[in-house]
Amino acid sequence: MARIVLQIDDPTTKLTLRTMLAAVGHEVGGGVPEVLITDKPREALGSVSSCPTLLVATMAQVADAVAVMREGVFGYILLPFQPGEAALMVERALASRNGVGQGQAEDNFGLSLEAIEARHILHTLRRCKNNQSKAAVILEIGRNTLWRKLKRIREHEDDDLGETGLA
């Protein structure tokens, strides 16, 4: 998972966020961050060039958060925290840093929708270290649905997926 640095003044917010992110496997602490999370808009702008940055904001601060997003901050996490939101925003920030989503349309050009879905499922499963329950949650599908899709992918692996570049 990712190394995340928290630069948050409020100890309760910092501890809560640290616990939420550590629970999904992120390393929260010092060092060179892969993602920075702060509650200070100016600090967020200062780190945009080095890593994806997220801003923790209350409802009253959303306008400020959007303003710094226009200047390059990746996004914001709204207080009070919602289950899974911080982890989702970190994953999206990491994906933006790794170029996922940028140029992805060209990579999938000429592939069928089924092949694109298979590629996405297999990629997610690899990132979850083959934990199908976790992959199903990330893919926002049921475990049984994931199982059926994986079965279909494996059945077509020799003929269809080899032709589409997924083998």
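The values are calculated or read from the model by the stated rules, or taken from the named source; none is laboratory data. Here the structure is a predicted model, which is why all the values come from computation and not from measurement. Cβ atoms come from the backbone with ideal geometry, glycine included; neighbour counts cover every protein chain shown.
Considering (1) surrounded by fewer than 17 Cβ atoms within 10 Å (Cβ to Cβ); (2) closer than 25 Å to residue 126 by Cα, say which one residue 2 fails and leave the rest.
All conditions pass for residue 2, except number (1).
Can you find, within segment 23-68, the residue that is nearest to residue 85 (Cα to Cα) among those that are in a helix (DSSP H, G or I), out of contact with any Leu (no Cβ under 9 Å at 6 or more places or on another chain) and not basic (Lys, Arg)?
The residue in question is 23.
Counting only residues that are exposed (fewer than 15 other Cβ atoms within 10 Å of the Cβ) and under 16 Å from the mean Cα position of the chain (by Cα), which one in segment 97-121 is modelled with the highest pLDDT?
The selected residue is 120.
Which members of segment 5-16 meet the condition of being under 21 Å from the mean Cα position of the chain (by Cα) and either surrounded by fewer than 17 Cβ atoms within 10 Å (Cβ to Cβ) or touching a residue at least 12 places away in the same chain (Cβ under 8 Å) (or both)?
5, 6, 7, 8, 13, 15, 16 - these are the residues of segment 5-16 that are under 21 Å from the mean Cα position of the chain (by Cα) and either surrounded by fewer than 17 Cβ atoms within 10 Å (Cβ to Cβ) or touching a residue at least 12 places away in the same chain (Cβ under 8 Å) (or both).
Does at least one position in segment 20-41 carry a residue that is of a type in the set (D, E, K, R), under 25 Å from residue 135 (Cβ atoms) and free of Cβ contacts under 8 Å to residues at least 40 places away in the same chain?
Looking through segment 20-41, at least one residue is of a type in the set (D, E, K, R), under 25 Å from residue 135 (Cβ atoms) and free of Cβ contacts under 8 Å to residues at least 40 places away in the same chain.
Which number in (1) out of contact with any Lys or Arg (no Cβ under 7 Å at 6 or more places or on another chain); (2) under 11 Å from residue 4 (Cα atoms) marks the one condition that residue 44 misses?
All conditions pass for residue 44, except number (2).
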